[in-house]
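The values are calculated or read from the model by the stated rules, or taken from the named source; none is laboratory data. Everything numeric here is computed off the predicted structure, so don't read it as measured data. A quick note on method: Cβ atoms are made from the backbone with ideal geometry, for glycine too, and the neighbour counts reach across all protein chains shown. Side chains included, ligands, DNA and RNA excluded: accessible areas come from the protein's heavy atoms. Shrake-Rupley method; radii C 1.70, N 1.55, O 1.52, S 1.80 Å.
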Amino acid sequence: MRKAGIFLSIWLGLSVTLITGCSDNGKDEVQEVNLYSARIESLIKPLLDEFTEETGIKVNLVTGNADELLQRLQNEGRNTPADMLLTTDAGRLHRAMEVDLVEPVESEILQERIPSSYRHPEGYWFGLSLRARPIMYVKDRVDPAELSTYEALVDPRWKNRICVRSSSNIYNQSMVASMIVANGEAATEEWAKGLVANFARSPQGGDRDQISAAAAGQCDIVIANTYYLAGMLTSNDPSEREAAEKLAIFWPNQDGRGVHINVSGAAIIKDAKHRDNAIKLLEFLTSDTAQHWYAEANGEFPVRADIEKGELLEQWGEFRADPLDMDKLGEYNADALRLMDRAGWQ
Ligand code: FE
């Protein structure tokens, strides 16, 4: 009895010391992770809340334009509170790696779930959702039998009929980078010149604006990311739905390399203070729940092949995606930008 009493008091004493030690540290009690996100809050917050509920880890979210966040990370240097960077383009993830802001992660879960072409070979960044950039056409004025490849959009039949946003946009830069890899720089420059010659107007606005312009009769062909069309088709605004319904998707290059694909993805910041929590968040974003959400709420394609795409995306049918390593989009970004500039793509 006495022996047990001694053990109990030693044990109690130890526990008190441990607990006191813990609260002295203070911060250890709150599990958190600091996320810099180029995704707008409404497109990521519900997922982060779910993560917090599952793990108890609080997510402090800073949203902003991708280039501004990259600049901020560079300015903050080693003092940055950021643990993880989320962007909507592989080109930007590559840029973050080039300027030494991020560091590799080894995770069996991520390696198993994410196909190798959608993540950096050494684990510097991971794709979380796929974004397809096909051709869209106005159903009333274009017979899809006239369409085949991105390359064929330079045909004179499309003169004054194509709308696409400016070359300052990274989605176009990544698309051109994929063409440099496929066709070489000289041929891609010729192509860009031909495409510019077929523009219906000088580039202005975002992808949604191209879709609206086509619906309003300013052009017949658009190159845009599919989730913009999905967003308009499911919009509360009847005029957006009406505009989007005038267009259909054409999956180009199906007999060749396939449609141009990009990823939204994330990377872990160098010397992150909550590295383990950040990895947990990264893994959570590849979970069934998160992957379904990307398809249902964002109109993006899951990065995992085993996840159902949802009704709308399913309607657009199966397509062959360019199997190019996403890292190449970043590698050829500067070349793409210079080439578009020389071709007069504003
Ligand atoms: Fe976008």
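Things to note:
- Restricting attention to the stretch 214-232, the residues that are open to solvent by less than 10 Å² (accessible area, probe 1.4 Å) and either in contact with a strand residue (DSSP E or B) (Cβ under 8 Å, 6 or more places away or on another chain) or not in a helix (DSSP H, G or I) (or both) total 9.
- Comparison of Arg165, Arg201 shows that the only residue that is closer than 30 Å to Arg39 by Cβ and within 16 Å of the ligand (Cβ to nearest atom) is Arg165.
- Of all residues in the stretch 65-85, those being within 13 Å of the ligand (Cβ to nearest atom) and among the aliphatic types (A, V, I, L, M) number 1.
- The numbered conditions (1) away from the ligand (no atom under 16 Å from the Cβ); (2) open to solvent by less than 10 Å² (accessible area, probe 1.4 Å) are all true for Val263 except (1).
- The set of residues in the stretch 105-128 being over 27 Å from Glu151 (Cβ atoms) and within 16 Å of the ligand (Cβ to nearest atom) consists of Leu128 alone.
- Only one of the listed residues (Asp100, Asp67) is surrounded by fewer than 20 Cβ atoms within 10 Å (Cβ to Cβ), part of a loop (DSSP other than H, G, I, E, B) and either in contact (Cβ under 8 Å) with a residue 60 or more places away in the chain or under 17 Å from the mean Cα position of the chain (by Cα) (or both). That residue is Asp100.
- Of all residues assigned to the stretch 233-241, at least one qualifies as being free of Cβ contacts under 8 Å to residues at least 60 places away in the same chain and surrounded by 17 or more Cβ atoms within 10 Å (Cβ to Cβ).
- Meets criteria (within 16 Å of the ligand (Cβ to nearest atom), in contact with a strand residue (DSSP E or B) (Cβ under 8 Å, 6 or more places away or on another chain), of a type in the set (A, V, I, L, M) and open to solvent by less than 60 Å² (accessible area, probe 1.4 Å)) for Ile211: yes
- Qualifying residue in the stretch 53-64 (condition: within 17 Å of the chain's Cα centre (by Cα), outside the structural domain of Asp327 (by TED's automatic domain parsing), within 16 Å of the ligand (Cβ to nearest atom) and surrounded by 20 or more Cβ atoms within 10 Å (Cβ to Cβ)): no
- Checking the stated criteria, Ala266 turns out not to satisfy the condition of being at pLDDT 95 or above, out of contact with any Leu (no Cβ under 6 Å at 6 or more places or on another chain), of a type in the set (A, V, I, L, M, F, W, C) and over 30 Å from Asn183 (Cβ atoms).
- Odd one out for Glu308 among (1) open to solvent by 20 Å² or more (accessible area, probe 1.4 Å); (2) in contact (Cβ under 8 Å) with a residue 24 or more places away in the chain; (3) over 20 Å from Thr88 (Cα atoms): (2)
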